[in-house]
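Q: One structure coming up, written as structure tokens, with questions to follow.
The values are calculated or read from the model by the stated rules, or taken from the named source; none is laboratory data. Owing to the predicted nature of the structure, the values given are computational and were not obtained by experimental measurement. All Cβ positions, even for glycine, are placed from backbone atoms using ideal geometry, and neighbour counts span all protein chains on display. For the accessible areas, the whole protein counts, side chains as well, though only heavy atoms, and no ligand, DNA or RNA atoms are used. Shrake-Rupley method; radii C 1.70, N 1.55, O 1.52, S 1.80 Å.
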Amino acid sequence: MSHILVKAIADSDQKYAFMTLQNPQPWSLEKIRTIEKQGLEAGLPLMQHAADCALKLILKCHGLPQHALVLAGPGNNGGDALTLALGLWQHGSLVTVIQPQFPKPAVTDAYAAHANWIATGEAVLSQWPDKANHYDLIVDGLFGIGLDRPLTNPWQYLIKCANRHEAPTLALDIPSGLFAQSASTPNLQDPQNSQTIIQARWTTAFIAPTQAVCETCHAHWVGELYLCDLGLRSDA
């Protein structure tokens with residue numbers, strides 16, 4: 001599958017629209033983190049922006065799911081996923097959340113996103129459910145561009161289960177298991193490594209694309225690539 005890179009920009013009402021971005025140039029992690037820090041210091045609700053953009057992408061590419069399965073990690077990528085889960089739930093979708101490890105209070109935005117989801121009264125599972133054939137969309141929010149180590153269980157098992165499921169997967173930021181700086185990713189020719197990376201139908205990068213999601217050799221995992229700048233300048 002070839003890459004389709006699309007840019008999402010925010011208008012004055014903080015609603016998102018998509019347009020083609022020609023000749024994408026990957027950004028370094030340092031540059032993305034710098035822009036992200038500036039946005040947070042300016043008081044921008046970046047996690048909510050990310051969830052709003054991902055919801056817009058789902059409605060565009062898939063339609064409102066009847067029952068979404070959301071995989072959430074313990075960090076801000078998991079916070080993005082939980083905020084998206086809340087948006088889907090508010091739009092009328094059934095939503096099942098799997099989060100084997102809860103965020104720590106120090107991870108303030110992710111911790112708040114977890115609390116907001118718990119406030120709905122919906123459950124949070126710790127492992128893949130025995131009966132999982134009824135989901136029509138999977139959201140991958142396990143790990144984002146900060147991942148720099150090979151994953152172990154329970155994360156590996158969740159990824160393998162998601163990849164075996166017939167429902168399409170939307171990866172937030174980057175497919176979990178893939179390293180943003182692709183040179184550091186474990187040997188993808190090794191089946192043991194390649195099977196523990198989410199195989200997404202769509203990936204939405206936030207702020208700017210990283211090296212890994214721009215490389216055509218990773219299209220098997222990235223799928224169709226979209227970009228949401230979260231209301232920040234991603235062409236600077």
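Q: Taking the condition of being assigned to a loop (DSSP other than H, G, I, E, B), under 14 Å from the mean Cα position of the chain (by Cα) and of a type in the set (Gly, Ala, Ser), how many residues in region 52-91 meet it? Even if it seems obvious, please write down each step before you answer.
A: Let us first name the residues in region 52-91 that are assigned to a loop (DSSP other than H, G, I, E, B), namely 62-66, 73-75, 91.
Filter again for under 14 Å from the mean Cα position of the chain (by Cα), leaving 73-75.
Pick out the ones that are also of a type in the set (Gly, Ala, Ser) and you get 73, 75.
Residues that pass the stated criteria total 2.
Q: Sticking with this structure for a sec: Would you please list the contacts, defined by Cβ atoms under 7 Å and residues six or more apart or on different chains, that run from a residue in region 31-48 that is within 17 Å of ALA113 (Cα to Cα) and open to solvent by 80 Å² or more (accessible area, probe 1.4 Å) to a residue that is hydroxyl-bearing (Ser, Thr, Tyr) and part of a helix (DSSP H, G or I)?
A: GLN48/THR83
Q: Quick check: anything in region 72-85 more than 19 Å from CYS228 (Cα to Cα), surrounded by fewer than 19 Cβ atoms within 10 Å (Cβ to Cβ), among the small types (Gly, Ala, Ser) and in contact with a helix residue (DSSP H, G or I) (Cβ under 8 Å, 6 or more places away or on another chain)? Quick ask: steps written out before the conclusion?
A: Applying the first criterion (more than 19 Å from CYS228 (Cα to Cα)) to region 72-85 yields 72-75.
Pick out the ones that are also surrounded by fewer than 19 Cβ atoms within 10 Å (Cβ to Cβ) and you get none.
No - not one qualifying residue is present in region 72-85.
Q: Give the residue, chosen from ILE174, ILE198, ILE207, ILE138, that is at pLDDT 95 or above and over 22 Å from THR96 (Cβ atoms).
A: On inspection, the qualifying residue turns out to be ILE174.
Q: Kindly indicate whether any position in region 121-139 is open to solvent by 20 Å² or more (accessible area, probe 1.4 Å), under 16 Å from the mean Cα position of the chain (by Cα) and without any contact (Cβ under 8 Å) to a residue 40 or more places away in the chain.
A: First, the residues of region 121-139 that are open to solvent by 20 Å² or more (accessible area, probe 1.4 Å): 121-131, 133-134, 136.
Going one step further and asking which of them are under 16 Å from the mean Cα position of the chain (by Cα), we end up with none.
Within region 121-139 (the criterion being open to solvent by 20 Å² or more (accessible area, probe 1.4 Å), under 16 Å from the mean Cα position of the chain (by Cα) and without any contact (Cβ under 8 Å) to a residue 40 or more places away in the chain), the answer is no, since none of the residues qualifies.
Q: Show the residue pairs that are 6+ apart or on different chains and have beta-carbon atoms under 8 Å apart, the first residue being within region 50-71 and within 13 Å of GLY141 (Cβ to Cβ) and open to solvent by 10 Å² or more (accessible area, probe 1.4 Å), the second being β-branched (Val, Ile, Thr) and at pLDDT 95 or above.
A: none
Q: Report yes if ILE159 is in contact with a helix residue (DSSP H, G or I) (Cβ under 6 Å, 6 or more places away or on another chain) and either modelled with pLDDT of 95 or more or under 18 Å from VAL70 (Cα atoms) (or both), otherwise no. Quick ask: steps written out before the conclusion?
A: Details: in contact with a helix residue (DSSP H, G or I) (Cβ under 6 Å, 6 or more places away or on another chain): no; either modelled with pLDDT of 95 or more or under 18 Å from VAL70 (Cα atoms) (or both): yes.
Considered against the rule, which asks whether it is in contact with a helix residue (DSSP H, G or I) (Cβ under 6 Å, 6 or more places away or on another chain) and either modelled with pLDDT of 95 or more or under 18 Å from VAL70 (Cα atoms) (or both), ILE159 comes out as no.
Q: Given the conditions (1) at pLDDT below 95; (2) among the aliphatic types (A, V, I, L, M); (3) closer than 28 Å to GLN156 by Cα, report the number of the one that ILE35 does not fulfil.
A: With respect to (1) at pLDDT below 95; (2) among the aliphatic types (A, V, I, L, M); (3) closer than 28 Å to GLN156 by Cα, ILE35 is out only on (3).
Q: Here's something else I'd like to know. Does at least one position in region 153-162 carry a residue that is in a loop (DSSP other than H, G, I, E, B), open to solvent by 10 Å² or more (accessible area, probe 1.4 Å) and of a type outside the set (Phe, Trp, Tyr)?
A: Let us first name the residues in region 153-162 that are in a loop (DSSP other than H, G, I, E, B), namely 153-154.
After this cut, where a residue has to be open to solvent by 10 Å² or more (accessible area, probe 1.4 Å) as well, the list is 153-154.
Next, from what is left, pick out any that are of a type outside the set (Phe, Trp, Tyr): 153-154.
Yes, region 153-162 contains at least one residue that is in a loop (DSSP other than H, G, I, E, B), open to solvent by 10 Å² or more (accessible area, probe 1.4 Å) and of a type outside the set (Phe, Trp, Tyr).
Q: Return a yes/no flag: does region 109-116 have any residue that is part of a helix (DSSP H, G or I), of a type in the set (Phe, Trp, Tyr), at pLDDT 95 or above and open to solvent by less than 10 Å² (accessible area, probe 1.4 Å). Break it down stepwise before answering.
A: In the first step, residues of region 109-116 are kept if they are part of a helix (DSSP H, G or I); the result is 109-116.
Restricting the remaining residues to those that are of a type in the set (Phe, Trp, Tyr) gives 111.
From the residues that got through so far, the ones that are at pLDDT 95 or above too are 111.
So of that shortlist, the ones also open to solvent by less than 10 Å² (accessible area, probe 1.4 Å) come out as none.
No, the conditions are met nowhere in region 109-116.
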